[in-house]
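What follows is a set of notes on a single structure, which appears directly below.
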Amino acid sequence: MSATRHRALGGGVNHVLDYLRRMQVENPSFFYAIQGDNDHTGGSIFWADATSRMNYAYFGDTVVFDTTYRTNRYRVPFASFTGLNHHGQPVLFGCALILNDSEASFAWLFQTWLHAMSDRRPISITTDPDRLIQMAVTQVLPETRLRFNRWSIFKETQEKLAHIYQSQPTFEIEFKKCVNETETINEFESSWVSLLERYFVMDNEWLQSMYNARQQWVPAYMRDTFFGDFSITERNIGLNSFFEGFVNASTTIQMLIKQYEKAVASWHEKELKSDYDTTNTSPVLKTPSPMEKQAANLYTRRIFMKFQEELVETLANPASKIDDSGTVATYRVAKFGEEHKAHTVNFTSFEMKANCSCQMFEHSGIICRHILAVFRAKNVLTLPSQYVLKRWTRNAKIGDMQDEHATELSNNSRESLTDRYNTLRQEAIKYVEEGAKSIQVYNVAMDALQEALKKVSSAKNQSPISAEDGALSNGRNQELHAAGDTETAACQSADEKEKKIRELTTELESINRRCEVYRANLLAVLRDMEEQKLKLSVKVQNARLNLRE
């Protein structure tokens, strides 16, 4: 970054630092760091709020590092770490101001981000095709699979080969088809050579450099690694989807924090809406398969729609056995009329395991139509558990997290207390809605509530409340009750205030525990009901099959 532009950012950087310091005082789980000895004139700045760090505990398997905003056409050298939540929506893992473009600065940034994420390394990371970033990733995350964003490569290729794009309008279409639609390494290699020969660009230096880096951006080379992509072209877009519409070329560094908070609030609202839609609406089933019903109950709505698409496609993709060694059977799966695009599936019936040459499950975590076609041929009526990634399910954020340090974040976070309150409130609403649907369910729900009340009373007597929890609970309780007794509170003695804090803390903790027990009991009841329905569906399906025979 030039010295002139650096000085111009000075006031804005101080504004950002003031915000970060204030946030950390309000919430000890808010993390920020400055490169160097707290002198922001030559280094970069990184921050991640408590929610971002919690998000990473659930969805930190694949990461996108977006540095689009540090280009000259933007007024703010902003970068972000993002991923995908259980709805396939962008989710934030941290932000940075990159005030120094160097390998050392990027290495510091990745090391600092990794430390904030409890040193748990992602499986994969996607970045812009930048040599300095590549070197930093190799240094700090040597075991993480690095991928360059294809959108950036296509855009730069258009600039580098402008004369070819203008004189040969079909080149761009053929170039993207070669990259996006080839499914195997051999197919890509053959298509690439054919492309270069047809357009007489065998000696083009730019295309040669892109070919040399093909293992970092061509999909055929990366199918064995999880990136969370649902298709080979779905993520072929710019990386800045989290802040798209919030940070743009006119955004100044003084405006950044406000836009940052708006983006975070917007995506949080979208996630809550998707959670609500998943829980309170039922998708239309397209087959009588018990597996489809099972998936509808397991996955979030968007992920189920993708699974349903694959399941329906099995009707047009029959599986034919081509080999059987006794323990492993090999099938050939191809769509009617497209036998030349057949895929090979190896199936081990004893372990209920299958792997497909398309490697869709390895890449996206969603089982492919080819394996499902083999399951259909083998009369496998429900999804084996190893083919249901928890990160795509509606319960992705329920239960144990992937990192033990995330629990510490939860316990120490004022923000997470607010999140827990909102979550418990939503679950309580669900409890009421489900519990009132029939007299039988109502009776079960009431019995569960009575039993839960006894357990809550017992737990309350055995669990002392820490001073820190008390302070957090008091802060939230003031929000809930909108207490306006400021003058009265000012007159109270310190002892009276402490007593009031303890009382309110105990009350809130009791409510929280009670809601958690209610929710656990209701989920257990609903799970039993769903299992009974699934078993009945299987029996009905088997009866139909017997009648047809």
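Net charge of the neighbourhood of Val284, taken over other residues with C-beta under 14 Å away and scored Lys/Arg +1, Asp/Glu -1, is 0.
Please go through the range 197-297 and write out the GluC sites (Glu not before Pro) that DSSP classes as loop and that have at most 15 other C-beta atoms within 10 Å. Hits after loop and neighbour filter: Glu234, Glu244. Counting charges near Ala263 (Lys, Arg +1; Asp, Glu -1) among other residues having Cβ under 15 Å from its Cβ returns a value of -3. Placing +1 on the Cβ of every Lys and Arg and -1 on the Cβ of every Asp and Glu, with no other charges, gives the range 302-407 a dipole of roughly 300 debye about its Cα centre. Placing a label point 7 Å from the Cα of Met135 along the Cα-to-Cβ direction, the residues of the range 43-62 whose backbone N falls under 20 Å of that point are 43-45. Of the residues Leu389, Val312, Val333, the one whose Cα sits farthest toward the positive end of the charge dipole of the range 290-392, with +1 on the Cβ of Lys and Arg and -1 on the Cβ of Asp and Glu, is Leu389. Checking every one of the chymotrypsin sites (Phe, Trp or Tyr not before Pro) in the range 194-300 against DSSP loop status and a limit of 11 other Cβ atoms within 10 Å picks out Phe200.
Across the range 145-155, rounded Karplus estimates of 3J(HN,Hα) from the backbone phi angles (6.51 cos²θ - 1.76 cosθ + 1.60, θ = phi - 60°) give 6, 9, 10, 8, 5, 5, 4, 5, 5, 4, 5 Hz, Gly and Pro being marked x. Find out how many positive minus negative residues lie around Gln166, taking Lys and Arg as positive, Asp and Glu as negative, among other residues whose Cβ is under 14 Å from that of Gln166. Counting the neighbours of Gln166, the net charge comes to -1. When each of the peptides 14-27, 80-93 is scored by the mean number of other C-beta atoms lying within 10 Å of its residues, the order from highest to lowest reads 80-93, 14-27. Greater than 26 Å separation of Cα atoms is the criterion. Which listed pairs, Lys177/Lys286; Lys177/Lys378; Lys258/Lys500; Lys160/Lys306; Lys258/Lys390; Lys177/Lys306, meet it? Flagged as over cut-off: Lys177/Lys286; Lys177/Lys378; Lys258/Lys500; Lys160/Lys306; Lys258/Lys390.
All of the numbers you see were taken from the coordinates with simple rules; none came from a lab. Values in this document were obtained by computation on a predicted structure and should not be read as measured data. We place every Cβ from the backbone using ideal geometry, glycine too, and count neighbours over all the protein chains shown.
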